[in-house]
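First the structure, in the form of structure tokens, and then the observations on it.
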Amino acid sequence: MSSVYVWKIGGPAGFGIMTTGPMFAKVLKASGYHVHGYPEYPSLIRGGYNCYQIAFGDTEVTAPYKKIDMYVALSDECFNREMFEEGTYVIGDFANLKNAGDIKAKKIDVPLMDIVKEMDGPDIMRNSVALGAAAALLGLDFALLEKNLMAAYKEKVAKINVDAAKKGYESVKERYSVVCKPSPDKCAPALYVTGNEATSIGAVAGGLTFFSTYPMTPASSILHYLAKCTREHGLVVKHTEDEISGINMAVGASFAGARAMTGTAGGGFSLMNEGLGLAAITEVPIVLAVSQRPGPATGMATWTEQGDLKYIINASQGEFIRAVYSPGSVEECYKFTFDALNLADKYHIPVFVLLDKFLSESHFMAEKMPETGEVNRGYIFEGNEEEPMAYFNRFTEKKDGVGVRVIPGTKGGLYIASSNEHTDEGFVSDKADVRKSQVERRFRKLKPLTDDMPHPELFGKKDAPLTFVCFGSVKMMLLEAMKHTDKFNFIHFPAVIPLNWDKVKKMLEGRNLCVMENNYTAQLRGIIAENTGIIIEKTFLKYDGRPFFNEEIVSFAEEAAK
Amino acid sequence: MKALDYNTGQKPVWCPGCGNFAIWNSIKKALAEAGVEPHRLALVSGIGCSGKMINHVRAYGFHGLHGRTMPVATGIRLANPDMKVLVNGGDGDGYGMGVGHFVHSMRRNVDLTYIVHNNKVYGLTTGQASPTNDVGSPSKSTPFGVVDEPLNPIAIAIDAGATYVARGFSGDSEQLAELILGGLNHNGFALIDVFQPCVTFGGKYQYEYYQERVVKIENHDVTDADAALKLSKTKDKLPIGLFYKAEGHPSYNEMHPEIEKAQVRKRDVTALLEELV
Ligand SMILES: Cc1ncc(C[n+]2csc(CCOP(=O)(O)OP(=O)(O)O)c2C)c(N)n1
Ligand code: SF4
């Protein structure tokens, strides 16, 4: 086989592509391959065109490709959407596919509907027949497919789907030869996980006790995942009436002692804007997982972009500090969410985990999740039994600008968390000296906070002719492209603010730099320029809702390095 | 506890004669009677003259954003069931800006006591009409008279699922204290809408206006929602007192059994990760 083989399944929404795809990826993984899964779908429940791409190979695979080596066509729509090369294998029920007539690809004809009818099964069982066919063509062990089908469906349904897959498997085995023999080094049993799953699990590990939000793609699966964890892990999850309520409820819970988080997409975050400022001035710790999609407004609900970086960094009126993590992998999603919860508690600030649709919903393999530290709640007042009625100086600096937190219910710790500027006890005040000293104290957190943030890192050969500069999920795409060309290395920002910009500047200087971002205005470039004075002239930008595909990066790098 | 114990020593900034003073006194009285210790009390306020209450009642306080008291209070209640939660807000705050949160909080029957200082205007921003102002009355933002129909918070509350619905009047702080006490002792969502004259911007809605119209609710079965709804729609008179009280509904915390277990500590997620292999 070539180093990376691309398998893809496509059909109308409602055909079960989004369960079939990841399930088949697990079969490939169990067969010893490294796999990466990338879903594309419109914002429709029925109809439209859904597809799931699995790129797999003998070594780690982390990003999608344009090429397709094998394709499962479940409807005519596929032929309007996909470009097939002569070498592509297309598995389909060609008697029932009208548009397939003139495709160049090699047709693997499997009578999906006939088999399903024969077995008296529902139409959707076609998927299983097709998977069986694909497994045979790829030379996979049927037992592995059977095992994963059994795990994916409820018992009774599972059995009949296994039978259907068997029929597809046999049908192909009799008539075609294996096109791609799996000869991979067996990779260790690893996780197959999306960014949202990793983020959610990082939050559970980090002792999250409260999550409240309103659903919005591509962040909704964080809500779903955490909601499933409530009973077992002692976690309150509320689907609120809107995002305004979502963040305010989380702030209320955090004030009351919970470890609180909310999660949304850019549109929902627009509503959370005021709540963000509320958390900042009341110094109530909060973590926000924001997954970007193309905007403004509703934009393209189910596609990817990195267009919200500047918004996240600047959102809300007034001046205050916040921290923004921009994880580039599932491991970082896990680790940074854990760390974000600690950081919020340590500095009493809002902390962001900035995701995007590509990272949130694509599947990546991870050997294991990174080690984390301990849960750290920062300074907490233990109470004063002697003077239970006393007010407490919650907003007096203990160290590094940070005050001592009180959990309501503590004797002698009375204070007010106020959205107004306030005294050390929290009483409203607009005296000049009070305002000045509170602002200065809150900003004194910035220096130690900066030291706690992960610093940009260089990937690849030190002396490559071109250096891409990126944040967030673009890291995965560049790691993949690096396997195919040595013309570039890259600097990835795992966090964007606050950073030690002197150090960043030294790192950037003397290189042939090119920013690479999933947006139109090169937002990271702007932030770098503002903080270091370095203006990166070259840009490689994409803003059509799709991630960078491997071939695009390779050809750009080769061209730019000439 | 005595009512005086709840003073904070902060000087009120309300206009002399403002209806908020009576609400303040009634709150302190009710708290003392209910025996709520200040460190067990979370006071949540909106923004407006009403919201200033936060500075004057000794308690843990959260002075939130305009219209957003309900979600904050709900968060507190869910995260810390040992706290009594008492919310103060204006009619602009709760019935205008926050009406969505208001309705959904009642649907949830969250266990809290919500006092709305209903002066029919925006006091702090100097006299624009609020959603309870009557059609025809002029204000700074409606110089030719309000054209929108007023909303009826009592009817909305009974319908939306609040399990304790009352209306008080700043001119009768005795009764008001009793209503608040009832709310504090009630397990579920308690709304106490209060006719609170704004002596500076309230236009016709002054003490005399209310004194001529209020009647104490008598001979009314508070467990009868239909009767309470009907009563809330009385046109010529303004009934004050307890409209509705439903017992036996599970309160919000009871419906969230995970609260008991919610503790901040590092968790072992091996099992969750294994599901993904
Ligand atoms: C988002 C937002 N919009 C507007 C304001 C300005 N504002 C402050 S108080 C208020 C109205 C208060 O009226 P009400 O809730 O009836 O309280 P009252 O002052 O009458 O007690 C407004 C509009 C604000 N603080 N926040
Ligand atoms: S403006 Fe009205 S509501 Fe505000 S303090 Fe003065 S009298 Fe009271």
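The values are calculated or read from the model by the stated rules, or taken from the named source; none is laboratory data. Bear in mind the structure is a predicted one, so any value in this text is a computation, not a measurement. Neighbour counts run over all protein chains shown; Cβ positions are idealised from the backbone, glycine included.
Within 22 Å of A:Asp308 (Cα to Cα) and part of a loop (DSSP other than H, G, I, E, B) - does that describe any residue in segment A:484-495? There is at least one residue in segment A:484-495 that is within 22 Å of A:Asp308 (Cα to Cα) and part of a loop (DSSP other than H, G, I, E, B). Restricting attention to segment A:254-277, which residues are in contact with a strand residue (DSSP E or B) (Cβ under 9 Å, 6 or more places away or on another chain), within 7 Å of chain B (Cβ to nearest Cβ) and in a helix (DSSP H, G or I)? Scanning segment A:254-277 gives a single hit, A:Phe255. Give me the helices (runs of 4 or more DSSP H) completely within segment A:37-148, filtered to those with at least 2 residues that are at pLDDT 95 or above and touching a Leu at 6+ places or on another chain (Cβ under 7 Å), ordered by residue number. So the answer is A:126-137.
Among the residues of segment A:355-362, at least one is surrounded by 17 or more Cβ atoms within 10 Å (Cβ to Cβ) and assigned to a loop (DSSP other than H, G, I, E, B). B:Gly96 satisfies every condition listed in (1) part of a loop (DSSP other than H, G, I, E, B); (2) within 16 Å of ligand 2 (Cβ to nearest atom); (3) surrounded by fewer than 24 Cβ atoms within 10 Å (Cβ to Cβ) except (1).
Here is a yes/no grid of residues against (1) in a strand (DSSP E or B); (2) touching a Cys at 6+ places or on another chain (Cβ under 9 Å); (3) closer than 20 Å to A:Ala366 by Cβ; (4) within 8 Å of chain B (Cβ to nearest Cβ):
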position	(1), (2), (3), (4)
A:Ala188	no, no, yes, no
A:Asn196	no, yes, yes, no
A:Thr199	no, yes, yes, no
A:Val204	no, yes, yes, yes
A:Thr217	no, no, no, no
A:Ser221	no, no, yes, no
A:Leu226	no, no, yes, no
A:Glu232	no, no, no, no
A:Ile244	no, no, no, yes
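Among the residues of segment B:128-138, just one is surrounded by fewer than 18 Cβ atoms within 10 Å (Cβ to Cβ) and within 9 Å of ligand 1 (Cβ to nearest atom), namely B:Gln128. Give me a count of the residues in segment A:157-176 that are part of a helix (DSSP H, G or I) and of a type in the set (Phe, Trp, Tyr). Residues flagged as part of a helix (DSSP H, G or I) and of a type in the set (Phe, Trp, Tyr) within segment A:157-176 amount to 1.
Name the residues in segment B:136-193 that are among the polar types (S, T, N, Q), touching a Gly at 6+ places or on another chain (Cβ under 7 Å) and closer than 13 Å to B:Tyr114 by Cα, would you?
Residues of segment B:136-193 among the polar types (S, T, N, Q): B:137, B:139, B:141-142, B:152, B:163, B:170, B:173, B:175, B:185, B:187.
Restricting the remaining residues to those that are touching a Gly at 6+ places or on another chain (Cβ under 7 Å) gives B:137, B:139, B:163, B:170, B:175.
The one that is among the polar types (S, T, N, Q), touching a Gly at 6+ places or on another chain (Cβ under 7 Å) and closer than 13 Å to B:Tyr114 by Cα: B:Thr163.
Contact map, segment A:65-79: first residue β-branched (Val, Ile, Thr), second residue surrounded by fewer than 22 Cβ atoms within 10 Å (Cβ to Cβ), Cβ cut-off under 8 Å, separation 6 or more or different chains; pairs are A:Ile68/A:Glu82; A:Ile68/A:Met83; A:Ile68/A:Phe84; A:Ile68/A:Glu85; A:Ile68/A:Thr88.
Residues of segment B:103-124 being among the small types (Gly, Ala, Ser) and either within 11 Å of ligand 1 (Cβ to nearest atom) or surrounded by fewer than 24 Cβ atoms within 10 Å (Cβ to Cβ) (or both), which ones?
B:Gly123
Does B:Ser105 satisfy being within 14 Å of chain A (Cβ to nearest Cβ), among the hydroxyl-bearing types (Ser, Thr, Tyr) and either in contact with a helix residue (DSSP H, G or I) (Cβ under 8 Å, 6 or more places away or on another chain) or within 15 Å of ligand 2 (Cβ to nearest atom) (or both)? Yes. A:Ser212 meets the stated requirement of being within 27 Å of A:Leu414 (Cα to Cα), small (Gly, Ala, Ser), modelled with pLDDT of 95 or more and surrounded by 23 or more Cβ atoms within 10 Å (Cβ to Cβ). Within segment B:193-213, not a single residue is away from ligand 1 (no atom under 16 Å from the Cβ), among the aliphatic types (A, V, I, L, M) and away from chain A (no Cβ under 14 Å).
Among residues of segment B:109-161 being aliphatic (A, V, I, L, M) and within 15 Å of ligand 2 (Cβ to nearest atom), the one that is nearest to B:Ala246 (Cα to Cα) is B:Ile115.
If the condition is being more than 13 Å from A:Lys29 (Cα to Cα) and either touching a helix residue (DSSP H, G or I) at 6+ places or on another chain (Cβ under 6 Å) or not assigned by the TED database to the domain that holds A:Ala165 (or both), then segment A:133-152 contributes A:Ala133, A:Ala136, A:Leu137, A:Phe142, A:Glu146, A:Leu149, A:Met150, A:Ala152. Number of residues in segment B:203-230 that are in contact (Cβ under 8 Å) with a residue 24 or more places away in the chain and more than 19 Å from the chain's Cα centre (by Cα) equals 13.
As a summary of the residue check, B:Asp93 satisfies the conditions (1) more than 16 Å from B:Val116 (Cβ to Cβ); (2) acidic (Asp, Glu); (3) within 14 Å of ligand 1 (Cβ to nearest atom) except for the one numbered (1).
For the structure I just gave you, tell me whether A:Ala390 is touching a strand residue (DSSP E or B) at 6+ places or on another chain (Cβ under 8 Å) and either closer than 15 Å to A:Ala280 by Cβ or not aromatic (Phe, Trp, Tyr) (or both). Yes, satisfied.
Checked across segment B:260-268, the condition of being away from chain A (no Cβ under 14 Å) and exposed (fewer than 12 other Cβ atoms within 10 Å of the Cβ) holds for no residue. Checking each residue in segment A:3-36 for being assigned to a loop (DSSP other than H, G, I, E, B) and touching a strand residue (DSSP E or B) at 6+ places or on another chain (Cβ under 8 Å) picks out A:Ser3, A:Gly14, A:Phe15, A:Tyr33.
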